[in-house]
Structures are given as structure tokens and as C-alpha cells.
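Everything on this sheet refers to the single structure shown next.
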Amino acid sequence: LLLWVRCSLSPQQIRDRILADETFEAEIVAWLESCHTGSFLASTDSVLAERLEDEWLERMPDGEMRRRTRLKAGVRDPATTLPQAPPSAYSTDVSALRAWHRTFEADTDDIVFTSNRHDRNHLHGCWRGYCRARFPRDIAETTQIDRASGAIRFAKSEAWINT
């Protein structure tokens with residue numbers, strides 16, 4: 001679903017401004033990068049796999065980790081349960097806010113790891129060696145703009161997550 005706000009710049013106008021105005025380019029790239037990270041918030045794929053293995057994953061005979069079809073009893077699925085509410089907006093307890101934010105980042109990483117990663121064996125939606133979703137994605141340390149096409153290639157530190 002693409003929703004466009006009336007009287008805003010069209011995609012072509014945005015592309016033209018990015019290519020012509022360095023200040024606009026820096027501002028829109030900074031905004032886009034604040035919305036799209038291409039990585040986990042607080043962890044890495046391998047650290048998450050190790051931490052979540054017992055609860056979420058099962059090791060297959062070939063060594064590959066796959067998501068369990070059923071979670072172990074007592075395991076909270078952050079993708080299907082409400083998150084912990086943040087401290088009150090009127091609270092002055094900074095340590096409580098920091099603790100909540102760490103929990104938020106960990107829950108977000110858990111959701112991305114368990115729900116938004118492409119299967120390294122290309123089992124779902126891929127055809128005999130052809131990955132329709134173009135995984136694994138290229139790793140890039142910085143966001144780049146292709147001056148010929150105006151395409152934005154985002155920084156990405158995880159090849160298998162769909163962000």
C-alpha cells in the first residue's frame with residue numbers, strides 16, 4: 001500500500017531534488033536511515049541464534065537452525081503478545097526508562113530474528129536455486145545514492161533479514 005499525501009512531492013520530484021540539492025539529500029537520507037536500519041537494534045544474527053536456540057529454534061541434522069513449529073511452554077512470543085508498556089511520561093526515573101528501552105530493543109530483535117529473516121535454504125517461495133526475494137542481500141557499511149538512477153542503496157549489516 002502506497003499512501004501519498006496531497007500537495008507533497010511526487011517520487012520523481014524527490015529523486016530530482018536528491019540529485020540536485022545536497023542539503024535535501026543529506027536530510028532525507030538521515031530521515032530514511034532513522035526509519036530503516038538494515039540490522040538488528042542491539043544484537044547480531046549469531047548472538048540471537050545462540051540465545052534463542054533453546055526457546056525458538058531447533059537444530060536440524062545438517063546443522064541448520066530452523067524455527068520450531070511450536071514454542072516451548074512458558075515462552076512469550078513477542079510477535080503475538082503486547083509489549084511491556086513504557087514508564088509513565090511523567091516519570092523521572094531514568095533507569096526505568098533505560099531498562100524499558102533495552103527490553104524494547106531485545107523484543108524487536110527477537111521479532112525480526114524469528115519473523116523477518118529469509119530461510120538460508122530458500123525453502124519458502126524460492127525455486128531451485130533462484131531466490132525470488134534476492135537473498136542474501138549485499139552488505140553495505142554506508143547508504144549510497146546511485147547518481148545515474150537516483151536509487152538509494154541502504155546501509156545493511158545483516159544479509160538475511162528483510163529490512
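The values are calculated or read from the model by the stated rules, or taken from the named source; none is laboratory data. The shown structure was predicted, so the numbers you read here are calculated from the model rather than taken from an experiment. Glycine also receives a Cβ, built like all others from the backbone with ideal geometry; neighbour counts cover every protein chain displayed. Heavy atoms of the whole protein, side chains included, go into the accessibility calculation; ligands, DNA and RNA do not. Shrake-Rupley method; radii C 1.70, N 1.55, O 1.52, S 1.80 Å.
Residues of the stretch 141-163 that are touching a residue at least 60 places away in the same chain (Cβ under 8 Å) and within 23 Å of residue 109 (Cβ to Cβ): 143, 154, 155, 156, 157, 158, 160, 161, 163.
May I ask you to say which residue of 137, 102 is touching a strand residue (DSSP E or B) at 6+ places or on another chain (Cβ under 9 Å) and either farther than 22 Å from residue 53 by Cβ or at pLDDT 85 or above (or both)? Matching residue, one of 137, 102: 137. When 161, 145 are checked against the criterion of being at pLDDT 90 or above, touching a strand residue (DSSP E or B) at 6+ places or on another chain (Cβ under 7 Å) and of a type outside the set (Gly, Ala, Ser), a single residue qualifies: 145. Remark: residue 39 matches the filter, which requires a residue to be in a loop (DSSP other than H, G, I, E, B), of a type outside the set (Val, Ile, Thr) and within 23 Å of residue 102 (Cα to Cα). Within the stretch 84-99, the residues that satisfy the criterion of being surrounded by 13 or more Cβ atoms within 10 Å (Cβ to Cβ) and touching a helix residue (DSSP H, G or I) at 6+ places or on another chain (Cβ under 7 Å) are 86, 87. Return the residue satisfying two criteria in turn: it lies in the stretch 64-99 and is at pLDDT 75 or above and small (Gly, Ala, Ser), and of such residues it is nearest to residue 116 (Cα to Cα). Within the stretch 64-99, the match that is nearest to residue 116 (Cα to Cα) is 79. Just to be sure, is residue 57 surrounded by 13 or more Cβ atoms within 10 Å (Cβ to Cβ) and at pLDDT below 85? In short, yes.
Scanning the stretch 150-163 for residues that are open to solvent by less than 60 Å² (accessible area, probe 1.4 Å), in a loop (DSSP other than H, G, I, E, B) and not aliphatic (A, V, I, L, M) yields a count of 4.
Among the residues making up the stretch 75-94, those that are hydroxyl-bearing (Ser, Thr, Tyr) and either within 25 Å of residue 111 (Cβ to Cβ) or touching a residue at least 12 places away in the same chain (Cβ under 8 Å) (or both) are 80, 81, 88.
In the stretch 42-61, of all residues being in contact (Cβ under 8 Å) with a residue 40 or more places away in the chain and not in a helix (DSSP H, G or I), the one that is nearest to residue 98 (Cα to Cα) corresponds to 42. Among the candidates 132, 102, 147, 117, the residue that is among the charged types (D, E, K, R), open to solvent by 60 Å² or more (accessible area, probe 1.4 Å), within 17 Å of the chain's Cα centre (by Cα) and within 30 Å of residue 11 (Cβ to Cβ) is uniquely 117. When residue 137 is tested against (1) farther than 30 Å from residue 17 by Cα; (2) open to solvent by 40 Å² or more (accessible area, probe 1.4 Å); (3) within 19 Å of the chain's Cα centre (by Cα), just one condition goes unmet, and that condition is (1). Hey, does the stretch 2-11 have a residue that's in contact (Cβ under 8 Å) with a residue 24 or more places away in the chain and surrounded by 10 or more Cβ atoms within 10 Å (Cβ to Cβ)? Scanning the stretch 2-11, I find no residue that is in contact (Cβ under 8 Å) with a residue 24 or more places away in the chain and surrounded by 10 or more Cβ atoms within 10 Å (Cβ to Cβ), so the answer is no.
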